[in-house]
1. Of G139, G164, which residue is crowded, with 19+ Cβ neighbours inside 10 Å and part of a loop (DSSP other than H, G, I, E, B)?
2. Kindly provide the set of residues from the stretch 217-238 that are open to solvent by less than 10 Å² (accessible area, probe 1.4 Å) and part of a helix (DSSP H, G or I), ordered by number.
3. Out of the residues in the stretch 111-136 that are among the hydroxyl-bearing types (S, T, Y) and out of contact with any Lys or Arg (no Cβ under 7 Å at 6 or more places or on another chain), which is least open to solvent (accessible area, probe 1.4 Å)?
4. Here are L301, L243, L312: which of them is in a helix (DSSP H, G or I), of a type in the set (A, V, I, L, M) and over 19 Å from the mean Cα position of the chain (by Cα)?
5. For a quick check of your reading of the model, give me the residue pairs whose first member lies in the stretch 118-146 and is free of Cβ contacts under 8 Å to residues at least 40 places away in the same chain, whose second is surrounded by 24 or more Cβ atoms within 10 Å (Cβ to Cβ), with beta-carbon atoms closer than 6 Å and at least 6 apart or on different chains.
6. Go through F79, F68, F93 for me and flag whichever is within 17 Å of R125 (Cβ to Cβ) and not β-branched (V, I, T).
7. Name the residue that is farthest from G138 (Cα to Cα), counting only residues in the stretch 88-104 that are without any contact (Cβ under 8 Å) to a residue 40 or more places away in the chain and of a type in the set (D, E, K, R).
8. Can you find a residue in the stretch 16-39 that is under 22 Å from A226 (Cβ atoms), in contact (Cβ under 8 Å) with a residue 12 or more places away in the chain and within 14 Å of the chain's Cα centre (by Cα)?
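The values are calculated or read from the model by the stated rules, or taken from the named source; none is laboratory data. Keep in mind it's a predicted model, so treat the numbers as computed, not measured. Here the Cβ is made from the backbone with ideal geometry for all residues, glycine too, and neighbour counts use every protein chain on show. Just so you know, the surface numbers come from the protein's heavy atoms only, side chains and all, with ligands and any DNA or RNA stripped out. Shrake-Rupley method; radii C 1.70, N 1.55, O 1.52, S 1.80 Å.
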Amino acid sequence: MSETSAPLAAPFVGSPDNPPPTDVEFGFLDLGRERRLRYALALGAEGGPSRGTVILLQGRNEASEKYFETMRDLNRLGFCVATFDWRGQGRSFRSTRSPTVGHVTRVGHYADDLLSVFSEVVLARCPGPYAILAHSMGGLVALAAMERLEPRVERMVLLAPFVGLPGSAFKTRLIGFLAGSLHWAGLGRVPLRRARRIEPGASLADNPLTSDRARFERNLAIQIAAPDLFVDSLSASWLRAVLKAQRRLDDSDRIARMRIPTLFIAAGADRIVSKRTAERLAWRMRSGHFLRVPGARHELLQEADRFREPTLSAFEAFLDSALPRVRPPEPAVDTALVEEALVAALPAGAN
């Protein structure tokens, strides 16, 4: 595998309403066989020395541009940031001839991408210690890769992790049966589920992603300006792979091997993923913790400030012991000068 610089033509999509972090760097990690993952690095931690690096894992059908604001916020908190587009979305390579269909045959491929970016880009370019901040599907991948990440990653914070579908277990089994049947029949690339996105003309009140108008319109503007960043649907094999990975998280032996301290933060008004499943998994993990942000919709980092700011505060507090803010050293004190000043301040004749 090798690292290549970003092409000169439009490495990212920016706008006055969505400026990238200062000195952001885009590039491509070459995985071979014409497969490349686009990554972004924001190494300009503000307010003093770096506290370490946050690896920002995106959700399904997202792109780095959607996280410019969050990357700037993390820089202000003193962190360097690394993120990348998963295979099949953003400006990373597509696994099918149709660029509008998100496709993968197992979640392990996503985990392999994460490990590749971590070892080839993050360890080479970004200061430690390291932590993960993951949204939705990114949380599922982080959990799937946890045992391989354990020697290097200090903390994980998973926002609305996609560890289960909402609704009844019967509905989930039925969807899994349909997706599995298509996969084994050789029809795994068939689009089976619409990819979650903000559609033109969608109402802010009805969308399940965010209640914040400015961020809602900003993300819609990204989709309109660069439709190639997103897909329209997800394949049967993708759905089968995700459901299979979710079932693995119910295995007690696997849970016992999950040792990285992990904070699950659920969105109280989430209609996309199962909050109950996330809470149950958090309490079954030896190192798991669970918080809920009442009233928030699915995309906590794209939500209104009244939901987003507590989320970021909880994230920073959870990381503080492992990635502490570096305090500037106290100025050295010349004890001889202090003693002279004390003697001069004493009344005449005093001892």
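1. Values: G139 fails: part of a loop (DSSP other than H, G, I, E, B).
Of G139, G164, the one residue that is crowded, with 19+ Cβ neighbours inside 10 Å and part of a loop (DSSP other than H, G, I, E, B) is G164.
2. N219, L229, A236, S237, W238
3. Restricting attention to the stretch 111-136, the residues satisfying the condition of being among the hydroxyl-bearing types (S, T, Y) are 116, 119, 130, 136.
Then keep just the ones that are out of contact with any Lys or Arg (no Cβ under 7 Å at 6 or more places or on another chain); that gives 116, 119.
Working: S116: 18, S119: 58 Å².
Among residues in the stretch 111-136 that are among the hydroxyl-bearing types (S, T, Y) and out of contact with any Lys or Arg (no Cβ under 7 Å at 6 or more places or on another chain), the one least open to solvent (accessible area, probe 1.4 Å) is S116.
4. Working: L301 fails: over 19 Å from the mean Cα position of the chain (by Cα); L312 fails: over 19 Å from the mean Cα position of the chain (by Cα).
Checking each option against the conditions leaves just L243.
5. A145/L114
6. Numbers: F68 fails: within 17 Å of R125 (Cβ to Cβ); F93 fails: within 17 Å of R125 (Cβ to Cβ).
None of the others qualify; the one that does is F79.
7. R97
8. Yes, that holds for at least one residue.
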